[in-house]
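Asker: Pasting a structure here, questions to come.
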């Protein structure tokens, strides 16, 4: 699990290995991750864009950028939260992810990056 607080925006991520959807015989391991985004501030914030850095067990890096998350650009009023689940395939049984969400404060037009702390994607028992 990872947890980060940036400018009153808390981001928690809980990864999970999906053995039924993985195919180790062809070097494909699938992981799901649940993200909880919570606005602890006193002003509304909107998630505009995502940026993920995915590193496999051999150190190869893949970056994913795009608008919103799961087709949405949620607007979070003070005290509100937004949760979603997504997935990540890897070609090794272990890897990591981290990144940031570009956030907008609609009242001022200010933008900032809410950091997503690194978290491990690992098949149970792959690491001692």
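Asker: Might you let me know whether the stretch 99-107 holds any residue that is in contact (Cβ under 8 Å) with a residue 60 or more places away in the chain, more than 14 Å from the chain's Cα centre (by Cα), closer than 21 Å to residue 8 by Cβ and outside any strand (DSSP E or B)?
Answerer: yes
Asker: Oh, and also: Name the strands (runs of 3 or more DSSP E) wholly within the stretch 1-83 that hold at least 2 residues that are at positive phi? Walk me through it before giving the result.
Answerer: Numbers: elements: 2-6, 9-17, 29-39, 45-56, 61-67.
Answer list for the stretch 1-83: none.
Asker: Can you tell me how many residues in the stretch 29-69 are more than 18 Å from residue 109 (Cβ to Cβ) and loosely packed, with under 12 Cβ neighbours inside 10 Å?
Answerer: 6
Asker: Right, another one. For the stretch 70-81, which residues satisfy the criterion of being more than 13 Å from residue 103 (Cβ to Cβ) and surrounded by 13 or more Cβ atoms within 10 Å (Cβ to Cβ)? Give the derivation first.
Answerer: Let us first name the residues in the stretch 70-81 that are more than 13 Å from residue 103 (Cβ to Cβ), namely 70-72, 77-81.
Correct list: 80, 81.
Asker: Looking at (1) under 11 Å from the mean Cα position of the chain (by Cα); (2) loosely packed, with under 14 Cβ neighbours inside 10 Å; (3) under 20 Å from residue 5 (Cα atoms), which is the one condition that is false for residue 116?
Answerer: Among (1) under 11 Å from the mean Cα position of the chain (by Cα); (2) loosely packed, with under 14 Cβ neighbours inside 10 Å; (3) under 20 Å from residue 5 (Cα atoms), the lone unmet condition for residue 116 is (2).
Asker: Of the residues 41, 57, which is closer than 15 Å to residue 118 by Cα and either more than 14 Å from the chain's Cα centre (by Cα) or modelled with pLDDT under 95 (or both)? Lay out the reasoning, then the answer.
Answerer: On the way: 41 fails: closer than 15 Å to residue 118 by Cα.
One residue alone meets the criteria, 57.
Asker: Assess whether residue 121 counts as being closer than 16 Å to residue 6 by Cβ and touching a residue at least 40 places away in the same chain (Cβ under 8 Å). Walk me through how you get there before you give the answer.
Answerer: Details: closer than 16 Å to residue 6 by Cβ: no; touching a residue at least 40 places away in the same chain (Cβ under 8 Å): yes.
Considered against the rule, which asks whether it is closer than 16 Å to residue 6 by Cβ and touching a residue at least 40 places away in the same chain (Cβ under 8 Å), residue 121 comes out as no.
Asker: Of the numbered conditions (1) over 14 Å from the mean Cα position of the chain (by Cα); (2) over 17 Å from residue 3 (Cα atoms); (3) in contact (Cβ under 8 Å) with a residue 12 or more places away in the chain, residue 88 fails exactly one; give the number of that condition.
Answerer: The one condition residue 88 does not meet is (1).
The values are calculated or read from the model by the stated rules, or taken from the named source; none is laboratory data. Computed from a predicted structure; not experimentally measured. Neighbour counts run over all protein chains shown; Cβ positions are idealised from the backbone, glycine included.
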